[in-house]
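For reference, the structure I am asking about is given below.
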Amino acid sequence: MACIRAPERFDRFLALSMIHPWPEHRRLIRHAWRQWYTIPWEYPVIGGALLRHWPTFTRYILRRGVTNPDVWRRADLDEFTESVRARARAHAGRALHWQYVLRDIPRLLIGRHRALRLTVPTTLLFGTDDFAMSPEALAGGERHATDLVVRVVPGGHYLADEQPGLVADAIRSLSAGFAHAQEPVG
(Lines give C-alpha, C1' and ligand atoms only; values in the text may rest on other atoms or scores of the structure.)
Protein backbone atom coordinates (compact mmCIF):
# COMPACT_ATOMS: atom_id res chain seq x y z
CA MET A 1 0.00 0.00 0.00
CA ALA A 2 2.92 2.34 0.61
CA CYS A 3 3.98 1.94 -3.04
CA ILE A 4 0.45 2.79 -4.18
CA ARG A 5 -0.06 5.74 -1.84
CA ALA A 6 3.40 7.30 -2.25
CA PRO A 7 4.96 5.91 -5.44
CA GLU A 8 7.42 8.80 -5.58
CA ARG A 9 9.18 7.29 -2.55
CA PHE A 10 10.00 4.01 -4.35
CA ASP A 11 12.01 3.10 -7.41
CA ARG A 12 11.46 -0.66 -7.11
CA PHE A 13 9.87 -2.93 -4.53
CA LEU A 14 10.41 -6.54 -3.46
CA ALA A 15 7.64 -8.16 -1.42
CA LEU A 16 8.05 -11.52 0.28
CA SER A 17 5.23 -13.90 1.15
CA MET A 18 2.34 -11.48 0.93
CA ILE A 19 -0.65 -11.05 -1.31
CA HIS A 20 -1.41 -7.98 -3.36
CA PRO A 21 -4.44 -5.77 -2.50
CA TRP A 22 -6.62 -7.23 -5.29
CA PRO A 23 -7.19 -10.90 -4.51
CA GLU A 24 -10.24 -12.56 -6.01
CA HIS A 25 -12.73 -13.08 -3.20
CA ARG A 26 -13.48 -16.70 -3.93
CA ARG A 27 -9.78 -17.55 -3.83
CA LEU A 28 -9.20 -15.49 -0.70
CA ILE A 29 -12.14 -17.00 1.17
CA ARG A 30 -11.25 -20.53 0.09
CA HIS A 31 -7.87 -20.15 1.81
CA ALA A 32 -8.87 -17.97 4.78
CA TRP A 33 -8.57 -21.00 7.11
CA ARG A 34 -4.79 -20.78 6.65
CA GLN A 35 -4.79 -17.65 8.82
CA TRP A 36 -5.98 -19.61 11.89
CA TYR A 37 -2.69 -19.08 13.71
CA THR A 38 -3.18 -15.30 13.82
CA ILE A 39 -6.41 -15.53 15.83
CA PRO A 40 -4.78 -16.07 19.23
CA TRP A 41 -2.26 -13.29 18.53
CA GLU A 42 -4.84 -10.71 17.48
CA TYR A 43 -7.02 -10.19 20.49
CA PRO A 44 -6.29 -7.77 23.32
CA VAL A 45 -4.84 -9.34 26.45
CA ILE A 46 -4.84 -12.86 24.96
CA GLY A 47 -2.44 -12.03 22.10
CA GLY A 48 0.13 -10.29 24.25
CA ALA A 49 -0.07 -12.99 26.91
CA LEU A 50 0.43 -15.69 24.30
CA LEU A 51 3.53 -14.00 22.91
CA ARG A 52 4.94 -13.34 26.37
CA HIS A 53 4.17 -16.60 28.16
CA TRP A 54 3.86 -19.33 25.54
CA PRO A 55 7.02 -19.26 23.40
CA THR A 56 6.28 -22.83 22.27
CA PHE A 57 3.48 -21.48 20.05
CA THR A 58 5.81 -18.94 18.42
CA ARG A 59 8.41 -21.64 17.83
CA TYR A 60 5.72 -23.88 16.32
CA ILE A 61 4.65 -21.16 13.88
CA LEU A 62 8.24 -20.47 12.85
CA ARG A 63 8.86 -24.16 12.21
CA ARG A 64 5.54 -24.51 10.37
CA GLY A 65 6.45 -21.55 8.15
CA VAL A 66 9.30 -23.30 6.35
CA THR A 67 9.36 -26.43 4.24
CA ASN A 68 12.53 -27.59 5.96
CA PRO A 69 12.44 -27.06 9.75
CA ASP A 70 16.21 -27.64 9.85
CA VAL A 71 16.53 -24.09 8.47
CA TRP A 72 16.09 -22.90 12.04
CA ARG A 73 18.91 -23.39 14.50
CA ARG A 74 17.75 -23.69 18.09
CA ALA A 75 19.64 -20.47 18.93
CA ASP A 76 17.72 -18.60 16.20
CA LEU A 77 14.37 -19.83 17.51
CA ASP A 78 15.34 -18.95 21.08
CA GLU A 79 16.51 -15.47 20.09
CA PHE A 80 13.34 -14.70 18.15
CA THR A 81 10.93 -16.02 20.76
CA GLU A 82 12.77 -14.19 23.54
CA SER A 83 12.75 -10.95 21.55
CA VAL A 84 8.93 -10.92 21.34
CA ARG A 85 8.35 -11.83 24.99
CA ALA A 86 9.06 -8.34 26.36
CA ARG A 87 5.78 -6.62 27.26
CA ALA A 88 6.12 -3.75 24.75
CA ARG A 89 7.11 -6.08 21.90
CA ALA A 90 4.35 -8.56 22.67
CA HIS A 91 1.88 -5.66 22.68
CA ALA A 92 3.25 -4.42 19.34
CA GLY A 93 2.97 -7.89 17.79
CA ARG A 94 -0.60 -8.24 18.98
CA ALA A 95 -1.49 -4.72 17.82
CA LEU A 96 -0.06 -5.38 14.35
CA HIS A 97 -2.24 -8.45 13.88
CA TRP A 98 -5.29 -6.67 15.34
CA GLN A 99 -4.93 -3.78 12.86
CA TYR A 100 -4.94 -6.33 10.06
CA VAL A 101 -8.30 -7.62 11.37
CA LEU A 102 -9.77 -4.14 11.86
CA ARG A 103 -8.53 -2.47 8.69
CA ASP A 104 -7.04 -4.73 6.05
CA ILE A 105 -9.46 -7.65 6.02
CA PRO A 106 -12.57 -5.45 5.66
CA ARG A 107 -10.89 -3.43 2.90
CA LEU A 108 -10.03 -6.61 1.01
CA LEU A 109 -13.55 -7.96 1.41
CA ILE A 110 -15.30 -4.83 0.15
CA GLY A 111 -12.82 -4.39 -2.69
CA ARG A 112 -11.77 -0.95 -1.52
CA HIS A 113 -8.55 -1.09 -3.52
CA ARG A 114 -10.13 -2.01 -6.87
CA ALA A 115 -9.64 1.47 -8.34
CA LEU A 116 -6.03 1.78 -7.16
CA ARG A 117 -3.09 1.13 -9.47
CA LEU A 118 0.44 0.04 -8.60
CA THR A 119 2.93 1.95 -10.73
CA VAL A 120 6.13 1.04 -8.86
CA PRO A 121 7.93 -1.91 -10.50
CA THR A 122 7.29 -4.70 -8.01
CA THR A 123 8.45 -8.27 -7.66
CA LEU A 124 6.51 -10.52 -5.35
CA LEU A 125 8.18 -13.75 -4.20
CA PHE A 126 5.86 -16.34 -2.74
CA GLY A 127 6.64 -19.85 -1.50
CA THR A 128 4.92 -22.82 -3.13
CA ASP A 129 4.24 -24.25 0.32
CA ASP A 130 3.38 -21.07 2.22
CA PHE A 131 1.21 -22.15 5.13
CA ALA A 132 -0.36 -18.70 5.64
CA MET A 133 -1.84 -18.18 2.17
CA SER A 134 -2.04 -20.12 -1.08
CA PRO A 135 -0.19 -18.95 -4.19
CA GLU A 136 -3.61 -19.27 -5.84
CA ALA A 137 -4.60 -16.00 -4.13
CA LEU A 138 -2.03 -14.12 -6.24
CA ALA A 139 -3.97 -14.35 -9.48
CA GLY A 140 -5.26 -11.11 -10.96
CA GLY A 141 -2.84 -8.57 -9.52
CA GLU A 142 -1.32 -7.81 -12.90
CA ARG A 143 -4.56 -6.11 -14.00
CA HIS A 144 -3.95 -3.43 -11.37
CA ALA A 145 -0.23 -2.90 -11.88
CA THR A 146 2.05 -1.39 -14.46
CA ASP A 147 4.93 -3.78 -13.71
CA LEU A 148 4.15 -6.59 -11.28
CA VAL A 149 6.15 -9.79 -11.45
CA VAL A 150 4.80 -12.63 -9.32
CA ARG A 151 7.26 -15.47 -8.76
CA VAL A 152 6.14 -18.59 -6.94
CA VAL A 153 9.34 -20.22 -5.72
CA PRO A 154 10.21 -23.32 -3.71
CA GLY A 155 9.78 -22.73 0.00
CA GLY A 156 7.42 -21.73 2.73
CA HIS A 157 6.39 -18.45 4.34
CA TYR A 158 9.77 -17.32 5.67
CA LEU A 159 11.61 -17.12 2.35
CA ALA A 160 14.36 -14.82 3.58
CA ASP A 161 15.37 -17.50 6.08
CA GLU A 162 14.67 -20.55 3.94
CA GLN A 163 15.85 -19.26 0.56
CA PRO A 164 18.32 -16.44 1.32
CA GLY A 165 20.22 -16.92 -1.95
CA LEU A 166 17.06 -16.71 -3.99
CA VAL A 167 15.95 -13.56 -2.15
CA ALA A 168 19.42 -12.02 -2.60
CA ASP A 169 19.28 -12.80 -6.34
CA ALA A 170 15.89 -11.07 -6.57
CA ILE A 171 17.33 -8.01 -4.82
CA ARG A 172 20.34 -7.99 -7.16
CA SER A 173 18.03 -8.31 -10.15
CA LEU A 174 15.94 -5.35 -8.99
CA SER A 175 19.09 -3.35 -8.20
CA ALA A 176 20.56 -4.09 -11.63
CA GLY A 177 17.35 -2.88 -13.24
CA PHE A 178 17.52 0.27 -11.14
CA ALA A 179 21.17 0.93 -12.01
CA HIS A 180 20.42 0.40 -15.69
CA ALA A 181 17.41 2.73 -15.53
CA GLN A 182 19.56 5.45 -13.93
CA GLU A 183 22.24 5.44 -16.65
CA PRO A 184 22.24 8.59 -18.77
CA VAL A 185 20.87 8.16 -22.28
CA GLY A 186 23.09 9.05 -25.23
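Ranked from the most accessible area to the least, with a 1.4 Å probe and all protein chains present, what is the order of His144, His25?
His25, His144
Let me ask you something else. Just how large is the dipole of segment 61-186 about the Cα centre, in debye to the nearest 20, putting +1 at every Lys and Arg Cβ and -1 at every Asp and Glu Cβ?
Roughly 700 debye for segment 61-186.
On the protein heavy atoms, probe 1.4 angstrom, tell me the percent of accessible surface of segment 7-63 carried by carbon and sulfur.
Of the solvent-accessible surface of segment 7-63, carbon and sulfur hold 63 percent.
Name the long-range amide H neighbours of Val150: under 5 Å, sequence gap of 5 or more, or other chain; modelled H, no Pro or chain starts.
Leu124
Here's something else I'd like to know. Using a 1.4 Å probe, what is the accessible area per residue for the chain, in Å²?
With all protein chains present, the chain gives 58 Å² per residue.
A follow-up question, please. Above 24 Å lies some portion of the pair distances; for segment 77-186, what is it as a whole percent of all C-alpha pairs?
Result: 47 percent of Cα pairs exceed 24 Å.
Run lengths n ≥ 4 of DSSP H only: what is the helix-derived mean residue ellipticity at 222 nm for the chain, with -39500 (n - 2.57) per run over all residues, to the nearest 500?
Estimated from H runs of four or more residues: -12500 deg cm²/dmol.
Once the whole set of protein chains is in place, how much accessible area is left on Thr146, using a 1.4 Å probe, in Å² to the nearest 10?
Looks like 90 Å² after rounding.
Continuing with this model, one more query. Once all Cα-Cα distances of the chain are split into 10 Å bins that start at 0, what whole-number percent is in each one?
9, 29, 36, 22, 4, 1, 0
The values are calculated or read from the model by the stated rules, or taken from the named source; none is laboratory data. Nothing here was measured: the structure is a model prediction, and the numbers come from that model. For neighbour counting, all protein chains shown are included, and Cβ atoms are generated from backbone atoms with ideal geometry for every residue, glycine included. To get the accessible areas, we keep the full protein, side chains included, count just its heavy atoms, and leave off ligands, DNA and RNA. Shrake-Rupley method; radii C 1.70, N 1.55, O 1.52, S 1.80 Å.
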